[in-house]
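A.B. asks: Structure in C-alpha cells, see below.
The values are calculated or read from the model by the stated rules, or taken from the named source; none is laboratory data. Treat the numbers as computed from the prediction; the structure is a model and nothing was measured. We place every Cβ from the backbone using ideal geometry, glycine too, and count neighbours over all the protein chains shown. Remember, those area values only see protein heavy atoms, side chains included, never the ligands or the DNA or RNA. Shrake-Rupley method; radii C 1.70, N 1.55, O 1.52, S 1.80 Å.
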Amino acid sequence: MLLHDIVEHLETIAPLPYQESYDNAGLITGDRTSEISSALITLDVTEEVLDEAILKKCGMIISHHPLIFKAIKRITGYNEVERCLIKAIKHDIAIYAAHTNLDSITGGVNSKICEKIGLENCRILSPAKNQLIKLITYVPEDHTEKVREALFSAGAGVIGKYDKCSFSSKGTGTFRGSEGSNPFVGTKGNLHTEAEFRLETIVPRHLTAKVISALNRSHPYEEVAYDLVPLENDFSTVGAGMIGELHSPAEEIGFLNLVKERFGCQMIKHSVLLSRKFKKIAVCGGSGSFLISKAIAEGADLFISADFKYHDYFEAGKRIVLADLGHYESEQFTKEVLKEIILKKFPTFALHLSDVKTNPVSYL
Ligand SMILES: [Zn+2]
C-alpha cells in the first residue's frame, strides 16, 4: 500500500484543519508515493523509537506529538529532533503526527479516556466554532435525489449521530441564458421558469470545496446557483475535551485511586476534595488548564487532565476537583486510538505499538 493511503485515511478521520493554530500535525517526513507495509505507533518520536522502527522494519512512525513543532534552519544532529530527522530520512522512515486534530474528534484521544474510566453519555466539552457552513442550492425536480446523494457522498449532511440530513422545498426558478449560453432547459435569450427544489444541507468548512465540486458535477445546469452561509452553530462532534457521567456516583478517594490504577500513574496531583460524590466528569488528554472554566460551567464534579499550574488549583476553588494524571499518563491510550482507526480501514496492515516508554518525566 502507498503511504498516501494511510495518510489520507487518517486525515479523513482526524482532518488536519481541526488542529490548533500552533500545531504541526500531518506528514513530517516521507514520500507519499512510497510503498509501505508496516508502521510503529508511539506517543512521541525519540531516537529510541526510531531504533525500534528500524529493528521492526517499519516504514512509518505514527506519533501523537509532532516531532517538529517550530521552524528548523539546519539539520546537523545538534539536538534529538535533528538526530531523529537524520535517522528517519537515512532509513527511509516516514514520520506522521495526529495531534490536536486527534484530540478534537469524537472517537479520538478524549473518547478513549472516557472509555477507560467508564463514562456514559459523553459529548464534546467545548465544541468547535465557525466550522459549519449551510449550503443552499436549487435543483430541477427530477435531479434532486441525484444531487442530494452526491452532496452526502462528499461529506455533507452530518449532524451529530445522524447523516444524510437535508431539507427540500418546492418552488419556481427563473433564468434567461445569454448569447454564449447553452441552457439545459429552455432556449437562450428567452426567460424560462422551471419547477425546482430548494435543497439545503450542512457542510463542515474543510469539506466545502469537495462538496461544491460534487454539486457542480451532479447538477445538470451550466451555471449552478448556490449559497454558502457560515453558521454560528457549535460543531457538536468536534472540539476540545469531553464530558460524561458515571453510571452511579462514586466516592472521591476511591474513584481517584481507580483512575490511578487504570492509567498506571505513580501519583495523581489533585485539588481540595469537596466531600461530594463524583457523577459528572470532564476529561482532556494532555494540557487541559484552558478548559477548567468550561468544565465548571458544564457542572462537572471532577476534571481529569494534566499540566495544571499552581494557580489553576485556586481557580478550581470549591467548585470542582482537578486531577492531574501527568501528560504522558493521560494520553498513553492514544496509541490504541490510532491503531483502531487504521485497522478499521486496513485490517491486515502490520501495526506495532511502541514498547518504548517515552515519558520524559520521572517521579522519585
Ligand atoms: Zn500531549
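A.B. asks: Please go through the stretch 83-104 and pick out each residue that is of a type outside the set (Val, Ile, Thr) and free of Cβ contacts under 8 Å to residues at least 60 places away in the same chain.
C.D. replies: Taking the stretch 83-104 as the starting set, the residues that turn out to be of a type outside the set (Val, Ile, Thr) are 83-85, 87-88, 90-92, 94, 96-99, 101-104.
Result: Arg83, Cys84, Leu85, Lys87, Ala88, Lys90, His91, Asp92.
A.B. asks: Quick check on my filter: what residues within the stretch 255-281 are in contact with a Lys or Arg (Cβ under 8 Å, 6 or more places away or on another chain), open to solvent by less than 60 Å² (accessible area, probe 1.4 Å) and within 23 Å of Phe314 (Cβ to Cβ)? Quick ask: steps written out before the conclusion?
C.D. replies: Residues of the stretch 255-281 that are in contact with a Lys or Arg (Cβ under 8 Å, 6 or more places away or on another chain), as a first pass: 262-263, 267-268, 272, 274.
After this cut, where a residue has to be open to solvent by less than 60 Å² (accessible area, probe 1.4 Å) as well, the list is 263, 268, 274.
Listed by number, the residues that qualify are Ile268, Leu274.
A.B. asks: State which residue is surrounded by the most Cβ atoms within 10 Å (Cβ to Cβ) when the search covers only the stretch 127-160 and only residues that are among the small types (Gly, Ala, Ser) and without any contact (Cβ under 8 Å) to a residue 60 or more places away in the chain. First the steps, then the outcome.
C.D. replies: Of the stretch 127-160, the ones among the small types (Gly, Ala, Ser) are 128, 150, 153-157, 160.
Next cut, without any contact (Cβ under 8 Å) to a residue 60 or more places away in the chain only: 155-157.
Values: Gly155: 18, Ala156: 26, Gly157: 21.
Restricting to residues being among the small types (Gly, Ala, Ser) and without any contact (Cβ under 8 Å) to a residue 60 or more places away in the chain, the top hit is Ala156.
A.B. asks: Same structure, new question: Any idea which of Ser275, Ser271, Ser248, Ser305 is within 26 Å of the chain's Cα centre (by Cα) and hydroxyl-bearing (Ser, Thr, Tyr)? Explain how you work it out, then say what you get.
C.D. replies: On the way: Ser275 fails: within 26 Å of the chain's Cα centre (by Cα); Ser271 fails: within 26 Å of the chain's Cα centre (by Cα); Ser248 fails: within 26 Å of the chain's Cα centre (by Cα).
Exactly one of Ser275, Ser271, Ser248, Ser305 is within 26 Å of the chain's Cα centre (by Cα) and hydroxyl-bearing (Ser, Thr, Tyr), namely Ser305.
A.B. asks: Ok, one more. Determine whether the stretch 116-132 contains at least one residue that is in a helix (DSSP H, G or I) and either under 30 Å from Thr42 (Cα atoms) or at pLDDT below 95 (or both).
C.D. replies: Kept after step one, since they are in a helix (DSSP H, G or I), are these residues of the stretch 116-132: 116-117.
In the following step, the residues that additionally are either under 30 Å from Thr42 (Cα atoms) or at pLDDT below 95 (or both) were identified as 116-117.
Within the stretch 116-132 (the criterion being in a helix (DSSP H, G or I) and either under 30 Å from Thr42 (Cα atoms) or at pLDDT below 95 (or both)), the answer is yes, since at least one residue qualifies.
A.B. asks: Looking at Thr33, Thr46, which is the one that is more than 23 Å from Pro360 (Cα to Cα) and modelled with pLDDT of 95 or more?
C.D. replies: On the way: Thr46 fails: more than 23 Å from Pro360 (Cα to Cα).
Thr33 is the lone residue from the list that is more than 23 Å from Pro360 (Cα to Cα) and modelled with pLDDT of 95 or more.
A.B. asks: Can you confirm whether Gly107 is touching a residue at least 40 places away in the same chain (Cβ under 8 Å) and open to solvent by less than 80 Å² (accessible area, probe 1.4 Å)?
C.D. replies: Details: touching a residue at least 40 places away in the same chain (Cβ under 8 Å): yes; open to solvent by less than 80 Å² (accessible area, probe 1.4 Å): yes.
Against the criterion (touching a residue at least 40 places away in the same chain (Cβ under 8 Å) and open to solvent by less than 80 Å² (accessible area, probe 1.4 Å)), Gly107 qualifies.
A.B. asks: Let me ask another. Keeping to the stretch 309-333, report how many residues are within 16 Å of the ligand (Cβ to nearest atom) and either polar (S, T, N, Q) or in contact with a strand residue (DSSP E or B) (Cβ under 6 Å, 6 or more places away or on another chain) (or both).
C.D. replies: Residues in the stretch 309-333 being within 16 Å of the ligand (Cβ to nearest atom) and either polar (S, T, N, Q) or in contact with a strand residue (DSSP E or B) (Cβ under 6 Å, 6 or more places away or on another chain) (or both): 7 in total.
A.B. asks: Out of the residues in the stretch 60-91 that are more than 16 Å from the ligand (Cβ to nearest atom) and of a type in the set (Ser, Thr, Tyr), state the one that is most open to solvent (accessible area, probe 1.4 Å).
C.D. replies: Looking at residues that are more than 16 Å from the ligand (Cβ to nearest atom) and of a type in the set (Ser, Thr, Tyr), I get Tyr78.
A.B. asks: Any residue in the stretch 329-346 that is without any contact (Cβ under 8 Å) to a residue 12 or more places away in the chain sitting within a Cβ distance under 7 Å of a residue that is in a helix (DSSP H, G or I) and within 13 Å of the ligand (Cβ to nearest atom)? List the pairs, counting only those 6 or more apart or interchain.
C.D. replies: none
A.B. asks: Step by step: first the residues of the stretch 282-308, then only those that are out of contact with any helix residue (DSSP H, G or I) (no Cβ under 7 Å at 6 or more places or on another chain) and open to solvent by less than 10 Å² (accessible area, probe 1.4 Å), then the one that is nearest to the ligand (Cβ to nearest atom). Which residue is that?
C.D. replies: The selected residue is Gly288.
A.B. asks: Return yes or no: is Glu336 within 16 Å of the ligand (Cβ to nearest atom), buried (at least 21 other Cβ atoms within 10 Å of the Cβ) and not in a loop (DSSP other than H, G, I, E, B)? Show your work before the answer.
C.D. replies: Numbers: within 16 Å of the ligand (Cβ to nearest atom): yes; buried (at least 21 other Cβ atoms within 10 Å of the Cβ): no; not in a loop (DSSP other than H, G, I, E, B): yes.
No: the conditions fail for Glu336.
A.B. asks: Specify which of the listed residues (Glu20, Glu80, Glu52, Glu35) is acidic (Asp, Glu), more than 20 Å from Val109 (Cα to Cα) and in contact (Cβ under 8 Å) with a residue 40 or more places away in the chain. Quick ask: steps written out before the conclusion?
C.D. replies: Details: Glu20 fails: more than 20 Å from Val109 (Cα to Cα); Glu80 fails: in contact (Cβ under 8 Å) with a residue 40 or more places away in the chain; Glu35 fails: in contact (Cβ under 8 Å) with a residue 40 or more places away in the chain.
Result: Glu52 is the single residue among Glu20, Glu80, Glu52, Glu35 that is acidic (Asp, Glu), more than 20 Å from Val109 (Cα to Cα) and in contact (Cβ under 8 Å) with a residue 40 or more places away in the chain.
A.B. asks: Which condition from (1) open to solvent by 40 Å² or more (accessible area, probe 1.4 Å); (2) in a strand (DSSP E or B) is the one that Phe314 breaks?
C.D. replies: Of (1) open to solvent by 40 Å² or more (accessible area, probe 1.4 Å); (2) in a strand (DSSP E or B), only one is false for Phe314: (2).
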